[in-house]
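Working notes, structure below.
No lab work stands behind these numbers, since they all come straight from the coordinates. Not measured: the values here are computed from a predicted model. Note that we place each Cβ from the backbone using ideal geometry, even for glycine, and neighbour counts take in every protein chain shown.
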Amino acid sequence: MSAQGLEVIDHTVQLTHEWINELRERLGWDSSRDALRLLRVTLVQIRDHLGHEELAQLSAQMPLLIRGMFFEGWQPAHTPVRDRKVEHFVAAIEAQIGDALDWRGQEDITAVFRTLDNKISEGEIRDIKAGLPQAIRDIWPA
């Protein structure tokens, strides 16, 4: 039982740590803070390329804390973006995470995709990929 009687908060914190720890291990990074930052900025880039209905379906499978970060700052009128270039997708992530000590670029984004593959249902991953531009789908591991 939760010390504060707020099991839902304790549970989402636990799940969020599981997501971060899995990603950090995939990356081989020491910093959980940097792993969380990479997860957040990559999810935001995915979010901005997807339609609103797909966003709702994807977010329903996220821990509450990650879902909050996913939607933080979202401007529905500006999405989905029409930029289809993977270089811009990677550059937008790098602009926010590139100062991480262990940053390796696209290889680290692939680690986020693999973590999502493990945490989100297979059917939803298929739907997400279908909603992304082909160039971004091409860097998502099969």
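Points worth noting:
- Principal-axis analysis of the Cα atoms of the chain puts helix 7-27 at an angle of about 50° to the longest axis.
- C-alpha long axis of helix 122-131 to longest principal axis of the chain, angle in °: 40 degrees
- Whole-Å semi-axes of the chain's equivalent ellipsoid (Cα gyration tensor): 24, 19, 14
- Computed label-point distance, nm, for sites residue 114 and residue 10 using a 7 Å Cα→Cβ extension: 3.3 nm
- Range in the chain, longest, excluding exposed trypsin sites (Lys or Arg not before Pro) [loop by DSSP; at most 14 other beta-carbon atoms within 10 Å]: 1-81
- Subtracting the Cα-Cα distance of residue 21 and residue 77 from 0.36 nm times their residue separation leaves 16.8 nm of extension gain.
- Residue-span extension gain [residue 103 to residue 64] - 0.36 nm each, minus C-alpha spacing: 11.4 nm
- Net charge of neighbours whose Cβ lies under 13 Å from the Cβ of residue 91, counting Lys and Arg as +1 and Asp and Glu as -1: -2
- Loop-located GluC sites (Glu not before Pro) in the stretch 57-98, at most 16 other Cβ atoms within 10 Å (DSSP): 72
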